[in-house]
1. Taking Pro161, is it more than 16 Å from the chain's Cα centre (by Cα) and under 17 Å from Leu48 (Cα atoms)?
2. Report every pair of residues separated by at least 6 positions or lying on different chains whose Cβ atoms are under 7 Å apart, first residue within segment 141-162 and part of a loop (DSSP other than H, G, I, E, B), second surrounded by 13 or more Cβ atoms within 10 Å (Cβ to Cβ) and charged (D, E, K, R).
3. With respect to Glu117, determine if the residue is at pLDDT 95 or above, open to solvent by 90 Å² or more (accessible area, probe 1.4 Å) and either under 17 Å from the mean Cα position of the chain (by Cα) or of a type in the set (D, E, K, R) (or both).
4. Among the numbered criteria (1) within 26 Å of Tyr188 (Cα to Cα); (2) open to solvent by 20 Å² or more (accessible area, probe 1.4 Å), which one does Val101 miss?
5. Keeping to segment 60-97, report how many residues are part of a strand (DSSP E or B), closer than 30 Å to Arg142 by Cβ and open to solvent by 50 Å² or more (accessible area, probe 1.4 Å).
6. Mind checking which residues of segment 106-140 are part of a loop (DSSP other than H, G, I, E, B) and more than 29 Å from Ser67 (Cβ to Cβ)?
7. Against the conditions (1) closer than 23 Å to Phe168 by Cβ; (2) more than 14 Å from the chain's Cα centre (by Cα); (3) crowded, with 20+ Cβ neighbours inside 10 Å, where does Val140 fall short? Just the number, please.
Amino acid sequence: MDAGFDSPDGARFERVFVAIPVSAPTSTAIIQLTDERINFRWSDEENLHLTLRFIGEVDPALKEAISRKLDEIVVEPFILPVEKIGAFPTRGQPQVVYAGVGTAHTRLFQLQHRVEEALAGLGLPLELRAFSPHITIARVSRCHPMTVNDFVKRHREFVAPPFKVEKFCLYQTQMTHFGAQYTCLKEYTLKPKQAKAV
């Protein structure tokens, strides 16, 4: 299926977002939770990520401007814990099951803020929802809430190896018959601060 769509003037739109890819062995530990007997739409290991900002459909010119702007971000690498399983929303029919990141790291919030600033500088609207970092491991909107709650309870004490965040990506979403697939359009390396000259 198509990764994007054409506007009336012929420009090709693509759905994009900014996220941190989850590396092994953390991703491997998360995938070991998957239980094929439960009718969840599980995320593939290579698709696991922590979203910093969903952007939506953009044309080629805006996509290129976003790509250049993200390249200006300077944040130092950091370690991210991964622990506990939960579901969103907490009331009503759950939509996703996720792995949490504990109290996270202050640099994660710094990175998210820098991304938000970069996009605002291009005239994109600010994200009004509070940043709630998590790693989606399954889509569960078609499952009985009790099935989801039982899974969450069984794995509430889950802990995965922490991983070092050294990069983030501008991703493109492509819808297929097997669900969403994510392609990293550009990778951005986190940069340690330069030592000051004496």
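1. Spelling it out, Pro161 is indeed more than 16 Å from the chain's Cα centre (by Cα) and under 17 Å from Leu48 (Cα atoms).
2. From residues that are part of a loop (DSSP other than H, G, I, E, B), the pairs are Arg156/Lys84; Phe158/Glu83; Phe158/Lys84.
3. Yes.
4. (2)
5. Adding up the residues that qualify gives 2.
6. Once the filter is applied, which keeps residues that are part of a loop (DSSP other than H, G, I, E, B) and more than 29 Å from Ser67 (Cβ to Cβ), segment 106-140 yields only Val140.
7. Val140 satisfies all of (1) closer than 23 Å to Phe168 by Cβ; (2) more than 14 Å from the chain's Cα centre (by Cα); (3) crowded, with 20+ Cβ neighbours inside 10 Å except (1).
The values are calculated or read from the model by the stated rules, or taken from the named source; none is laboratory data. Not measured: the values here are computed from a predicted model. Methodologically, a virtual Cβ is constructed for each residue, glycine included, from the backbone with ideal geometry; neighbour enumeration extends over all protein chains shown. The protein model used for the area step is the full one, side chains on, heavy atoms only, and it has no ligands, DNA or RNA in it. Shrake-Rupley method; radii C 1.70, N 1.55, O 1.52, S 1.80 Å.
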